[in-house]
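The values are calculated or read from the model by the stated rules, or taken from the named source; none is laboratory data. For clarity, every value in this text was computed on a predicted model and none was experimentally measured. We place every Cβ from the backbone using ideal geometry, glycine too, and count neighbours over all the protein chains shown. In case anyone asks, the SASA skips ligands and DNA or RNA and just uses the protein heavy atoms, side chains included. Shrake-Rupley method; radii C 1.70, N 1.55, O 1.52, S 1.80 Å.
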Amino acid sequence: MFGYRSDGRKLKTLPPFFKVIPNIMLERNDSQVLFKQDISIKNLDEYIDKKAEDGIKFSYMHIVYAALVRIIAERPRLNRFAINGAIYARNKIYVSLAIKKNLTDDGEETTTKAEFNGTENIFEVKRKIDAIIEQNKDTSADNDTDIVAKTLSLIPTWLIRGTIKFLRFLDNHGMLPKALIKASPFHTSVFLTNVGSLGIDSIYHHLYNFGTTSMFFSMGKKKKGYIYEDEEIKEEKCITLAFVGDERICDGYYYANSFKMLFRYLKKPELLETKPDYKQDIQ
């Protein structure tokens, strides 16, 4: 069926602007918007310490992952993607992550993604992320993404570009095999990278033209920063979240309100312990 995809459904009832704009800005690197925000870690540290007393080991990354899953569930337009001049809504929530199997210059890196239905609380998100990281730390183990990458690497160099173009053609017309979409970290709701674990501050990471990624978040290292709150400027320990998003999926007002919700969850992580106020995707 025209417009059918295994990972989403084509949206037909859209404001005129959102019907036209994907045909003006054809690629994601045409439509990238950038945003950066310092997040106080005072409440995060208190939450992490409190849970440690109960024998539950949280990191900043766990909390950010859970908060992202939550806002995508509660703000469903964030779970859209633009491809081949049309806007689609994803069927589920996916979070992609890169995993360094050992922290050396020559250490292997792999990329994978976790699937969520949007009803998970922070404990369920943590369990799923921890399990994926543990499975992928083994240098002898290959996930689906690794297998596809190694298979493509066997193709002669002069043919790889043509192969990728062919895969993009299939993807643009909804014909990319479901197994490849499942294995691809580029077909995801959001990509999150924790560059703070490498000892550097957050970066603006580009969106990939291949695949359907509409949002990319980067977490930086702990540092001192100035936080404006309650009409006061305070110097506090913080981390910086840098965001790159596709402006074709929703307008700036929707993005801004979604970020406010994200920051609220990061200020009060205990809100993530309950089930979300989940709303099914809207047209």
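Which residues, taken from region 144-168, are touching a helix residue (DSSP H, G or I) at 6+ places or on another chain (Cβ under 6 Å) and charged (D, E, K, R)? Once the filter is applied, which keeps residues that are touching a helix residue (DSSP H, G or I) at 6+ places or on another chain (Cβ under 6 Å) and charged (D, E, K, R), region 144-168 yields only Asp144.
Residues are listed down the side, and each one gets a yes or a no for (1) without any contact (Cβ under 8 Å) to a residue 60 or more places away in the chain; (2) touching a Cys at 6+ places or on another chain (Cβ under 9 Å); (3) farther than 25 Å from Cys250 by Cα; (4) in a helix (DSSP H, G or I):
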| position | (1), (2), (3), (4) |
| --- | --- |
| Arg9 | no, no, no, no |
| Lys12 | no, no, no, no |
| Ile21 | no, no, no, yes |
| Gln37 | no, no, no, no |
| Glu46 | yes, no, yes, yes |
| Lys57 | yes, no, yes, no |
| Tyr65 | no, no, no, yes |
| Leu68 | no, no, no, yes |
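So that you can scan it fast, the table gives a plain yes or no per residue for (1) closer than 17 Å to Arg28 by Cα; (2) aliphatic (A, V, I, L, M); (3) open to solvent by 70 Å² or more (accessible area, probe 1.4 Å):
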{"residue": "Thr151", "(1), (2), (3)": "no, no, yes"}
{"residue": "Val195", "(1), (2), (3)": "no, yes, no"}
{"residue": "Leu198", "(1), (2), (3)": "no, yes, yes"}
{"residue": "Gly211", "(1), (2), (3)": "yes, no, no"}
{"residue": "Lys222", "(1), (2), (3)": "no, no, yes"}
{"residue": "Ile227", "(1), (2), (3)": "no, yes, no"}
{"residue": "Glu235", "(1), (2), (3)": "no, no, yes"}
{"residue": "Phe243", "(1), (2), (3)": "yes, no, no"}
{"residue": "Cys250", "(1), (2), (3)": "yes, no, no"}
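Since Phe216 meets every condition but one in (1) more than 11 Å from Asp38 (Cα to Cα); (2) open to solvent by less than 10 Å² (accessible area, probe 1.4 Å); (3) touching a residue at least 40 places away in the same chain (Cβ under 8 Å); (4) touching a His at 6+ places or on another chain (Cβ under 9 Å), which condition does it not meet? Tallying (1) more than 11 Å from Asp38 (Cα to Cα); (2) open to solvent by less than 10 Å² (accessible area, probe 1.4 Å); (3) touching a residue at least 40 places away in the same chain (Cβ under 8 Å); (4) touching a His at 6+ places or on another chain (Cβ under 9 Å), Phe216 fails exactly one: (3).
Residue check: is Asn194 modelled with pLDDT under 95, touching a strand residue (DSSP E or B) at 6+ places or on another chain (Cβ under 8 Å) and under 26 Å from Ala82 (Cα atoms)?
On the way: modelled with pLDDT under 95: yes; touching a strand residue (DSSP E or B) at 6+ places or on another chain (Cβ under 8 Å): yes; under 26 Å from Ala82 (Cα atoms): yes.
Criteria met by Asn194.
Of all the listed residues (Thr193, Thr274), the sole one being under 30 Å from Asp171 (Cα atoms), out of contact with any Lys or Arg (no Cβ under 9 Å at 6 or more places or on another chain) and of a type in the set (S, T, N, Q) is Thr193.
Sub-9 Å Cβ pairs linking a first residue in region 229-242 that is under 15 Å from Leu44 (Cβ atoms) to a second residue that is surrounded by 12 or more Cβ atoms within 10 Å (Cβ to Cβ) and modelled with pLDDT under 85, at least 6 apart or interchain, are Glu236/Ile227; Cys238/Ile227, ordered by first then second residue.
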